[in-house]
Amino acid sequence: MRGRVDPQESMFSYFSPDSRVPEGHPLRQIKRHADTVLASMSSEFDRIYAEIGRPSIPPERLLKASLLIALYSVRSDRLFCEMLDYNILFRWFLDMSLEESGLDQSNFSRLRERLVGQDTARMFFDAVVGEARKAGLLSDEHFTVDGTLIEAWASHKSFKPKDGPPSAGGGSNGMVDFRGQRRSNDTHHSTTDEEAKLGRKGKGKEAKLCYGAHALMENRNGLCVDLAVRSATQSETEAAKELLARQARKRVRPASLGGDKGYHSKDFVAHLRRRKIAPHIAQIDGRRTPGLDARTTRHPSYAVSQRKRKRIEEIFGWMKAYGGLRRTLVRGLVRVQMHAYIVGAAYNLLRMSRIAPATG
């Protein structure tokens, strides 16, 4: 017998959002980890908010909403607020009832303004890494470092001379003809985002206004243990030294560090040797570097590190393709770093939800 559509709506509906989420849904584990991490940061939220005045939207809810934006590749805060009105899964993740009013785009803007100059985003990322360590998902022995470029929210038309008149050809539509001009970071700057610099990843690649993102990955499960956004002009080796120094302050002392040919330099290899870290760096043909020779490369562990190090591209690939870091939607180094920490935390939480059943 053919069924018929009944346009008559029920006057009352009795169900909870939790009943609509499948038991095996990956967001269940992500939510459990995120709630644990945010509960541990309660004192930090108390510090950055005043004790008097009108209550704000809970910062825990806004940070979890930022995780959803990265996990589901939502292109803007405004679109997420629209989706929140009809997406039961999102409401369940944010501990919101079906009758509760949604969020507004301005809530995210105010949260970012409050977090600028604070270490809250970094603490959130570090707390997620700490949760992975408690679950036994991290190794403190073998790591990999690499860097990539994040395209800035600024166009080439905004890249103008620091001194003198702007490029000719501008009009009401902002069109500028800069063909044939020699432009560099020394003579030009972006009027849209002054901290963005011209950079390119390799020879023959197009130069873009961007930032440099540097990640440190542990080799056991491919989790990102540290993440730094710096100027596109800073060298990868200097950023790697900074990441290693931050791990040393946490009393993490790697036994080896993998990297591509961009880290094959005499200074960096010597730096690793002084820290008693085996330099599992890809070699440049014809370059002889003390401390990186057959005494290191002949060991099976070197070959393992060379295979494992390529997994760090999965981190950058996910962050750019899904997390919204191919081209950042914020301006300024501090805001881009804050955005990267949240996207990095989302990647780790997703990764943890996939590998925890296999390790538990």
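Annotations
- On the stretch given as region 247-273, residues that are open to solvent by less than 40 Å² (accessible area, probe 1.4 Å) and not in a loop (DSSP other than H, G, I, E, B) total 12.
- Selection count, region 208-217, where residues are open to solvent by less than 40 Å² (accessible area, probe 1.4 Å) and without any contact (Cβ under 8 Å) to a residue 60 or more places away in the chain: 1
- Among the candidates 305, 301, the residue that is over 29 Å from residue 25 (Cα atoms), open to solvent by 40 Å² or more (accessible area, probe 1.4 Å) and among the hydroxyl-bearing types (Ser, Thr, Tyr) is uniquely 301.
- Take the conditions (1) closer than 21 Å to residue 162 by Cα; (2) open to solvent by 40 Å² or more (accessible area, probe 1.4 Å); residue 231 misses just one of them, which is (2).
- Selection over region 210-226 of residues that are of a type in the set (A, V, I, L, M) and modelled with pLDDT under 95 gives a count of 0.
The values are calculated or read from the model by the stated rules, or taken from the named source; none is laboratory data. Worth saying up front: this structure is predicted, and the values here are computed from it rather than measured. When we count neighbours, we look across all protein chains shown, and the Cβ atoms used for this are built from the backbone with ideal geometry, even at glycine. The accessibility values were calculated without ligands, DNA or RNA, using every heavy atom of the protein model including side chains. Shrake-Rupley method; radii C 1.70, N 1.55, O 1.52, S 1.80 Å.
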